[in-house]
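Nothing in this text is a laboratory measurement; each read-out follows from the coordinates by a stated rule. These numbers were taken from a predicted model, which means no experiment stands behind them. Ideal geometry is used to build each Cβ from the backbone, glycine not excepted, and the neighbour counts take in all protein chains shown.
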Amino acid sequence: MTYSNLLITAEKAEKIALELFNVEGAAKSLPGEIDFNFKIDAGDGKAYILKVSRPGEDENYLDFQQQLLQYAAKHGKDIISPRVIADMEGNPISEIKDDFDQMRKVRLLSWVSGRVWSAVNPQLDNLRYSLGEHCGRLTHALQGFNHPEAHREFVWDVAQGHWTTAHLHLFKGDEKEIVSFFQALFLQAQPSYSQLRKAVVHNDANDNNVIVSKDLVNPKVVSAIDFGDAVYTQIINDLAIASAYTIMYHNDPLEAALPIVQGYHRAFALKEEELEHLYMAIAMRLVISVTKSALNKIAEPDNTYLLISEKPAWEVLRKWRQINIEFAHFSFREACGYTAHPHQEKFSLWAQKNTFSLAKLFPSIGQDEIQGIDLSVSSAWIGHEKDFNDLDYFQYKINKLQGEHPAKILAGGYLEPRPIYTTSSYDKIGNKGRESRSIHLGVDFWLPATTPVHALLEGEVVVAVNDTGDKEYGGLVILKHKEARLEFYSLYGHLSVDSATKHKIGDQIVSGQLIGVLGEAQENGNWVPHLHFQVMLSLLDYTDDYPGVAYFNQRAVWASICPDPNLLFKSATLGKDTEVSNADIIAYRKQHLGKSLSLQYKVPIKMVRGAGQYLMDQYGRKYLDTVNNVAHVGHEHPSVVTAGQEQMALINTNSRYLHENINELAKELLATLPPELSVLHFVNSGSEANELAIRMVKAATGQRDIIASEVGYHGNSNMCIDISSYKFDGKGGQGAPEHTHIFPLPDAFRGKYRGNNSSGKYAGEVKKQLEKICAKGRNVGAFIIEPIISCGGQIELPEGFLKEAYQIVREAGGLCISDEVQVGCGRMGKTFWGFQLHDVVPDIVTIGKPIGNGHPLAAVACTPEVAEKFANGMEYFNTFGGNPVSCAIGAEVLKVVKREKLQEHAYRIGEFLKVELRKLAAEYPIIGDVRGQGLFLGIELVNDAVEPLAEQTDYLANRMKEHGILMSTDGPDHNVLKIKPPMVFTQENAEELVYYLRKILAEDFMKL
């Protein structure tokens, strides 16, 4: 019988539903391996699923399914499952004759409303947790159910997976190796696996059988449908199947599985012995799947549903094969609330009864006290990245610290998140973006090269290697110990290669025996000599190396595998934990800091270190910073940091004393400005700069009236707030003061006037404000605007607008101020200053945060005429404005921009990024506009009617943060994503940004 002769059409399904069940509605075909399934939409919100069997289907098997559904409905009070609908004669199973005179069994079930799992995007941890929880509740509801058909032979039962061994010949190359590996694992596990708890379980929570709620932000699993694969089997197999399908399409399938395990365990407690077999059971379900696909390609090549999971199943199998079996087991245990390693508590109890002296480890030193040394990402002691990467300087600091504490051994590091491990060589791309192996798993003892190291315990040598090159340890020795029916290991790393490799595998080492001597720096990956000492309860599958650092998201598991070595030494210093939790920091802020101080993101981040275009949290996770234009030349740029440190060590005082630095900064700054702007005043912030600019206007013109843009922002001082529509027209504001005159935001995309020819109309709005001022018998003092309006949503001024507006204001006797706080210092790419994009020269330019690279420094540049009128006898003095430290930093920032060609870089990367973002806009119409210049760009999200989408914009920014990319929103409607990163932002960074934007734009909540 060919597949076409078995097929039931949608038209036929509609007729069956009407004739047998008196249900009238449109039929839509659904996937199914055995049955032909249809959704019958009966209108008024009513829907059903019609299931038509193949000819010869066993009625006992169908009766099993119907009874199972009825049992689940009765006993699963919190379970939504399909209800059995009887036919017009009251039968739960009906039948028809098809067009080939074959008898076909027919069933009708209630339709469970929602979305099928395979159509849901994204599938995040909370959703996977809810899947596990639902499957666990269903297993609990089915406890006690039995039926003869539950004990049938069934190829999809993991417990019967031995049948696949007969088809190993269908595979070749690496596929054959993978399948045979897991088959062998399955067969070896039988003695204990066969004794696990059994019950009737759903057994098929695949991505087309799971129904998810319609909530697009926090979706939950509402039902598992299609009980056709239900079987009496090991309960752990049910969890394995739910995991096997839902970990597909993830870079790290083990991490993806853990929320499912956690949710299942919450609803139906799993036993420790069951978790031992979960890794294998997941793999065997996938082996069954690919074996069935291989057979189905031969039997029914036209049935595409039978092949639907083949490619992703192979992708997961390949990744699953690379995961250590023990590590997976430990991870499952940790997810269920057990100690990750089964012997962790046993080791802790043994360690409580035994104390070891450091003098035994280092008898030639003869010291037993420790001086703690902090190498964490938060540590001020290790200093700047350039310092801890400078071997000689780091050694100098170690020696100095040792000199201050001659009777102590410098040590520390257990579970310490270290910035020295955040280079790309320690990175991987996980399920949530880039991850770094930063968590240190041992204790480091900082002692001179050639210091003898002795064994704490007797043991057997299991590793003795030269671990230099791209590995971690130099000379490495690992000993296996057996104490009180407990097996564990100790690791001695960074020995000299010669002393480590003199040992042979199997050598017996007695307690106190010389293990080796500490290696020189060149044997330690060019790091200062020290001993890395680590305790392990398992070697996993490492034979010539062992991880000394771990990923933060695996910290709990590794902490169990590698317990704290201080359990042996019991040092009060090594045991100190000074970390302050984020929750405590937030609580203190709420109590003692002003309520108007906001935090970024729904779940705030604690940032402790910066490096270039990255910020790092206290755990060493790196975040790509796309919004921090304050760190203009890169976070903690080494030469800028050095300039500030060196000058701070000499003197920092006010500008009433002579000092070369203020002149040096002035020269660097004036070299970037047109000759008309030749007088400078130095202040501490952009707000101060704009405050001073308004004072200059009043002194130079005698007028107080200011024309400014709608949604403009110019600072947080009283006078700046008075000219900032973004503030006084927003929450808590009281509207424009008497002397402030606001014209409409000159937004050619979504403003009052739209299109390329809107500049004249917006200039006309400026003129209207001027006329209002004159009508009150006054005149304009100044016109102030940013060349690209930042808080307005990165709004580029229409071409020709600024030149026309300047002319209108100047003809009336007013001054023109260009607020360059956000856009200046080369960020525009094409030009050094934003006003230069518009071929104008302002009377006053205000310069802010970028010039200090995070240090409080700002400036006002003006014409000599304005400066003369401002110098009216009232002294202008600013205690910190122009101080030597600030000036040293500012001058170096400008030199870095020039030396590293960052203006040209901003142009090149900005143009590349705009092209890529516009490609995104073509794919996703939710992006209404991409605009800006250089590395000052905006992405505006709108619907088809060009209405703002603030919720989607906020969602996108928060989802990007979860992938390790910092973004922020702007604009009067909060629907613009701003991109204004440190100027060292690279093309690779731009590509990463676009990659994750594309990924998240495809998610359900972002679809129009």
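Per-residue 3J(HN,Hα) values for the stretch 727-732, derived from phi via the Karplus relation 6.51 cos²θ - 1.76 cosθ + 1.60 with θ = phi - 60°, read 8, 6, 9, x, 4, x Hz in sequence order (x marks Gly and Pro). A compact globular protein would have a Cα radius of gyration near 2.2 N^0.38 Å; the ratio found for the stretch 74-215 is 1.36. Only lysines eight or more places from residue 51 in sequence, or on another chain, were considered; those with a Cα closer than 23 Å are 12, 15, 28, 39, 74, 97, 105, 292.
Each eigenvalue of the Cα gyration tensor of the stretch 3-110, multiplied by 5 and square-rooted, gives one semi-axis; in descending order these are 22, 17, 13 Å. Could you list log10 I(q)/I(0) for the stretch 902-1006 at q = 0.12, 0.25 Å⁻¹, which the Debye formula gives when each Cα is one point scatterer? These q points yield log10 I(q)/I(0) values of -0.35, -1.56. In order along the stretch 373-384, the phi-based Karplus estimate (6.51 cos²θ - 1.76 cosθ + 1.60, θ = phi - 60°) of 3J(HN,Hα) comes to 10, 9, 10, 6, 4, 8, 5, 7, 5, 6, x, 6 Hz; Gly and Pro are listed as x.
Annotation: amide H of residue 929 within the under-5 Å range of 940, sequence separation 5 or more or interchain, hydrogens built in the peptide plane.
Across the stretch 62-160, C-alpha contacts under 8 Å between residues 6 or more apart give a mean separation that, scaled by the residue count, equals a relative contact order of 30 percent. Taking trypsin sites (Lys or Arg not before Pro) across the stretch 371-416, none is in a DSSP loop with at most 16 further Cβ atoms lying within 10 angstrom of its Cβ. Using Cα centres only, tell me the gap between the stretch 737-815 and the stretch 250-293 in whole Å. The stretch 737-815 and the stretch 250-293 have Cα centres spaced 63 Å from each other. Using just the alpha carbons, could you tell me how many Å³ per residue the convex hull of the stretch 115-195 encloses? Here the figure is 189 Å³ per residue. Rg and Dmax over the alpha-carbon atoms of the stretch 620-774 stand at 20.3, 59 Å. Short-range pairs are left out: with C-alpha atoms under 8 Å and at least six residues apart, the relative contact order of the chain is 8 percent. For the pair the stretch 914-930 and the stretch 502-516, the centres of their Cα atoms are 64 angstrom apart.
Rg ratio for the stretch 57-115: its Cα radius of gyration over 2.2 N^0.38 Å, N being its residue count, equals 1.29. Could you list log10 I(q)/I(0) for the stretch 657-899 at q = 0.07 Å⁻¹, which the Debye formula gives when each Cα is one point scatterer? With no solvent term, the Cα-only Debye profile gives -0.21. Toward the positive end of the charge dipole of the chain, with +1 on the Cβ of Lys and Arg and -1 on the Cβ of Asp and Glu, the farthest Cα among 468, 893, 715 is that of 715. One Cα centroid belongs to the stretch 590-640, the other to the stretch 824-865; the line between them spans 24 Å.
Applying a DSSP loop filter and a limit of 16 other Cβ atoms within 10 Å to the chymotrypsin sites (Phe, Trp or Tyr not before Pro) in the stretch 32-100 leaves 100. Across all Cα atoms of the stretch 348-569, the radius of gyration (one decimal) and Dmax (whole number) stand at 16.7, 48 Å. Here the chain is assigned +1 on the Cβ of each Lys and Arg and -1 on the Cβ of each Asp and Glu. Its dipole about the Cα centre then comes out at about 1460 debye.
The 3J(HN,Hα) values that the Karplus relation (6.51, -1.76, 1.60; θ = phi - 60°) gives for the stretch 799-813 are, in residue order, 4, x, 5, 5, 4, 5, 5, 4, 5, 4, 5, 5, 5, 8, x Hz. Gly and Pro appear as x.
For residue 961, a cut-off of 16 angstrom between C-alpha atoms picks up these lysines, skipping any fewer than 8 places away in its own chain: 432, 602, 606, 622, 978, 980, 999. For GluC sites (Glu not before Pro), the sites in the stretch 577-648 that DSSP calls loop and that have at most 14 other Cβ atoms within 10 Å are 579.
For residue 731, a cut-off of 19 angstrom between C-alpha atoms picks up these aspartates and glutamates, skipping any fewer than 8 places away in its own chain: 710, 722, 951, 954, 970, 973.
Each of 116, 543, 281 was scored by the projection of its Cα onto the charge dipole of the chain, and the greatest displacement toward the positive side belongs to 116; charges sit on the C-beta of Lys, Arg, Asp and Glu. So what's the Cα pair-distance distribution over the chain, bin width 20 Å, in %? Values per bin, smallest distances first: 11, 32, 31, 21, 5, 0. Temperature 20 °C, viscosity 1.002 mPa s: under these conditions the Stokes-Einstein estimate for the stretch 115-335, based on its Kirkwood radius over C-alpha pairs, is 123 µm² per second.
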